[in-house]
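Working notes for the structure below.
The values are calculated or read from the model by the stated rules, or taken from the named source; none is laboratory data. Predicted, not measured: the structure shown is a model, and the values here were computed from it. Please note: Cβ atoms are built from the backbone with ideal geometry, for glycine as well, and neighbour counts cover all protein chains shown. Just so you know, the surface numbers come from the protein's heavy atoms only, side chains and all, with ligands and any DNA or RNA stripped out. Shrake-Rupley method; radii C 1.70, N 1.55, O 1.52, S 1.80 Å.
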Amino acid sequence: LAQPKNTPRCNTAPRNGHTTDNAGTLTRSVAAARSDSGTSAINNLAGGKFNVRASDRIFNNGGTITVSNAAGAMLTKSGAATSLIATAFNNAGQVDITGGALALSGAFTSSGTITVSPGATMSATAGLTNAPGGVIEGNGTLDLGGATLTNNGLLRPGGSGTVGTLTLIGSIDTGSGT
């Protein structure tokens, strides 16, 4: 069962074996917990925009739920609150953290672009793999806690063509792309 495409506002998440496919704009503006006891997915498809603006939590509750951000898709985190994605998260598109914090406590792999704006934080306490083709940029904070950033992509403090400071808290294992 898939949620209709081009959903302007969504205050629910897939539960018990359902999938949400977004090719339009999906806005989460309600602070709520979304858990799952089945096998479910949130797929932000090419052209899709997933706006996270509240202290939302997406997590497993005895099942499996995954979050995917496809090439050509954008996940935006704004506002002062912390949003938690405590599931596997695969990014091939754009993750843009403009305010508050995006806390990831499940496996996180990115071959897309992650931009962390000044004053914003992305935490990845289960570690982060920046795969070949992946870019981590901005002037914010990347907090890994005790985990490791495995970097086979690019690190660009400031961003493309600019100079800046991207604060990294944790360990880094550099690979071929750095």
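Observations on the structure shown:
- In the range 125-173, the residue that is surrounded by the most Cβ atoms within 10 Å (Cβ to Cβ) out of those that are more than 17 Å from Phe89 (Cα to Cα) and in contact with an Asp or Glu (Cβ under 6 Å, 6 or more places away or on another chain) is Arg156.
- Flag: Thr7 does not match the condition of being hydroxyl-bearing (Ser, Thr, Tyr), farther than 15 Å from Gly93 by Cα, open to solvent by less than 60 Å² (accessible area, probe 1.4 Å) and at pLDDT 75 or above.
- The range 59-72, subset under 27 Å from Pro132 (Cβ atoms) and assigned to a strand (DSSP E or B), residue most open to solvent (accessible area, probe 1.4 Å): Thr64
- Subset of the range 77-89 (residues that are more than 15 Å from Thr125 (Cα to Cα) and within 9 Å of the chain's Cα centre (by Cα)): Lys77
- Selection status of Leu102, part of a strand (DSSP E or B), out of contact with any Leu (no Cβ under 6 Å at 6 or more places or on another chain) and in contact (Cβ under 8 Å) with a residue 40 or more places away in the chain: yes
- Considering Thr165, Thr109, Thr115, Thr148, the condition of being among the β-branched types (Val, Ile, Thr), farther than 25 Å from Ser68 by Cβ and either in a strand (DSSP E or B) or out of contact with any Leu (no Cβ under 7 Å at 6 or more places or on another chain) (or both) is satisfied by Thr165 alone.
- Flag if Ser29 is farther than 21 Å from Thr113 by Cα, open to solvent by 60 Å² or more (accessible area, probe 1.4 Å) and at pLDDT below 80: no
- Of all residue pairs spaced 6 or more apart or on separate chains, those with beta-carbon atoms under 6 Å, a first member in the range 132-158 that is within 15 Å of Leu102 (Cα to Cα) and hydroxyl-bearing (Ser, Thr, Tyr) and a second member that is open to solvent by 10 Å² or more (accessible area, probe 1.4 Å) and in a strand (DSSP E or B) are Thr141/Thr121; Thr141/Thr167.
- Residue pairs whose Cβ atoms lie under 6 Å apart, separated by 6 or more positions or on different chains, with the first residue in the range 73-89 and open to solvent by 40 Å² or more (accessible area, probe 1.4 Å) and the second modelled with pLDDT of 85 or more and of a type in the set (S, T, N, Q), are Met74/Gln94.
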